[in-house]
Amino acid sequence: MRDNGTHVFTKADTSIIGIIESSIKKGWDKVAYSDYGTDIEYTYADVARKIAALHSLFNDLGLKPGDKIALCDKNSSNWAISYIAILTYGTVVVPILSDFSVEQIQNIYEHSDSKLMIGRADLPMKSLLDVANWTMVNGKQSIENYDFSGLKKSDVKYFNENPEDVALISYTSGSTGHSKGVMLPYRSLWSNIIFADERLGLTPEVDTISLLPMAHMYGMAFEFLYEFCIRCHVYFLTKTPSPAVILKAFSDVKPKLVIAVPLIIEKIVQSKVFPVLRTKKIRLLMKLPFMKGVIYSRIKEQLTKAFGGEFYEVIVGGAAFNKDVENLLAAIKFPYVVGYGMTECGPIICYEDWHLFVKNSCGKPAPRMEVKIDSADPEKVPGEIITRGANVMLGYYKNEEETREAIDEDGWLHTGDLGTMDNEGNVFIRGRKKTMLLGANGQNVYPEEIEDIILTQSYFDECVVVQRGEKLAALVYVSDENMQSRGMTREGVRADMNRYRGHLNKMLPKFANLSALELQDEPFEKTPKRSIRRYLYK
């Protein structure tokens, strides 16, 4: 556990709304938000004045505490200000991922019973564009007839929330099925923010980057809300986070904490590190014991520099991590951890400081959370991961049946993930309960484990294992860049499938042997957190 004596919150900080109010007052003249690469910048005082204007607008529109307000736009300072304004008015935030289709956005807007939409101007439903004196162009918002330029610190006073009331309805974008509205209470937001202060140890006024989708709980909690609550300066990456854009932003901002999904780390390692390690010269040098350490030290130095060089650790979460990449990070002693969470817990379930982190695990249960493996032998036999505690949702909006299936009578949330737990409490994820396959001999087959072996033992970029009758097939994708770097063509790769299937089957247990290996022409469709939408593939 990291404990550098920099905890911002005290035992008296039991209210997320109170924490937000205090942060605004204490940070008043400091910069809160910037849109990276632009001149858009807001101090905490600026944020307070925009919040006051929005609150006046909400009041004039007849909105009351408990009403729902949808928020749908790309990452930006204005998104963050709108979120804080909705939350501190007592209305319920309904964040919607901006890259959802118009039809998906419309369905969520209607299902959530939202009375207002803040965001994309191309949406057909009732939005703030219908309101007089409100203009919104390309995500830039202005409130023409609400002037709070004279607002003072002493004027900032928000309501006292009930910890069990709904603060936010987050619609999942899961890889195995339809979207559900997760009702998160104020206590879940509070507990996640307190966890971050307890374990991540940022100090006020440092610089951080927000690059994950803000409508997804992982990015929302740990790249935006936590930082605002402890008075950091958040740079919002408003462009598509390609490796080149991300690396430049890291170099410019030098964030003190790096939050990432596996795909970001994997792309950087696979494009910058693995090609060097595969050269004949480096492979020969790696066989020399004294040179291996030198090479690993150099790789660690370059990777650390790539992420800005001033971070404490890189926290990876949101999807499965490629074993080859993780093994390299562990070998070079790179300060990384893999956490575990889900929207239904707002999001954190497990975490461990990188000094104590066990490779291939996802850490130990987070503070105020219990975790159990539903198995007769949790250390050896995978079972469903179940959890309960302060972070857990109230249920699914307007869906009592699925709520009862997810949360049992004793308050345990059934995650749908399969895992084991060692005697020290480290949790190891084996796969999704919904994706587990039953082999012809009755053997449980975890497609994620097969996919990991396939990706480790091949040059494929992406893979999905599917079941067809009693047989298994692997659908694979190779990027154009990957093929070009290897001097291959798509036709050549396709012609090589049978030979490669034989090679892979030697690496796989008999019950997991592949009857087919099929090359896909396009990348697999993914959720915003970059998990493959598995249910689309058969």
On a full-extension model of 0.36 nm per residue, what is the gain between Leu247 and Thr14, subtracting their alpha-carbon distance, rounded to one decimal in nm? 80.2 nm
When the Cα centres of the stretch 327-353 and the stretch 227-262 are compared, how far apart do they sit, in Å? 18
Whole-percent carbon and sulfur share, accessible surface of the stretch 358-507, 1.4 Å: 46
Computed from the beta carbon distance with a Förster radius of 25 Å, FRET efficiency for Glu370 and Lys323 to the nearest 0.05 stands at 0.30
Spatially proximal lysines relative to Lys115 (Cα-Cα < 18 Å; intrachain offsets below 8 disregarded): Lys64, Lys68, Lys126, Lys398
Extension gain, Lys26 back to Asp422 (0.36 nm per residue minus Cα-Cα distance, nm): 138.2 nm
From the cross-link list Lys272/Lys510; Lys333/Lys538; Lys11/Lys364; Lys153/Lys248; Lys510/Lys538; Lys74/Lys538, the entries with a Cα-Cα span beyond 29 Å are Lys272/Lys510; Lys333/Lys538; Lys153/Lys248; Lys74/Lys538
Full-extension gain between His414 and Glu301, please, as 0.36 nm times their residue separation minus the C-alpha to C-alpha distance. 36.6 nm
Set the Förster distance to 56 Å, then compute FRET efficiency between Val381 and Ser149 from the Cβ-Cβ distance, nearest 0.05. 0.30
Over the stretch 162-262, what percent of the accessible surface lies on carbon and sulfur atoms, probe 1.4 Å? 56
If R0 = 45 Å, then Lys292 and Ser515, at their Cβ-Cβ distance, give a FRET efficiency to the nearest 0.05 of 0.70
Where the chain is the region considered: accessible area per residue in Å², 1.4 Å probe: 44
Computed Rg/Rh for the chain (Cα atoms; Rh = Kirkwood radius) stands at 0.97
Determine the order of Glu401, Glu266 by accessible area, beginning with the largest, at a probe radius of 1.4 Å. Glu401, Glu266
Point-to-point label distance, His7-Glu103, nm (Cα→Cβ direction, 7 Å offset): 5.0
The chain, helix-only ellipticity at 222 nm - DSSP H runs n ≥ 4, -39,500 (n - 2.57), divided by all residues, nearest 500: -9500 deg cm²/dmol
What is the pair-distance distribution P(r) of the stretch 366-522, computed from all Cα-Cα distances in 10 Å bins starting at 0, with each bin given as a whole percent? 10, 30, 26, 21, 12, 1
How about Lys25: which aspartates and glutamates have a C-alpha closer than 16 Å to its C-alpha, ignoring those fewer than 8 places off in the same chain? Asp13, Asp46, Asp155, Glu205, Glu227
Give me the angle, in degrees from 0 to 90, between the Cα long axis of helix 447-456 and the longest principal axis of the Cα atoms of the chain, rounded to the nearest 10. 70
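The values are calculated or read from the model by the stated rules, or taken from the named source; none is laboratory data. Please read these numbers as outputs of a predicted model, since none were measured by experiment. Glycine gets a Cβ as well: all are built from the backbone with ideal geometry, and neighbour counts include every protein chain shown. Note: areas computed on protein heavy atoms with side chains; ligands, DNA, RNA excluded. Shrake-Rupley method; radii C 1.70, N 1.55, O 1.52, S 1.80 Å.
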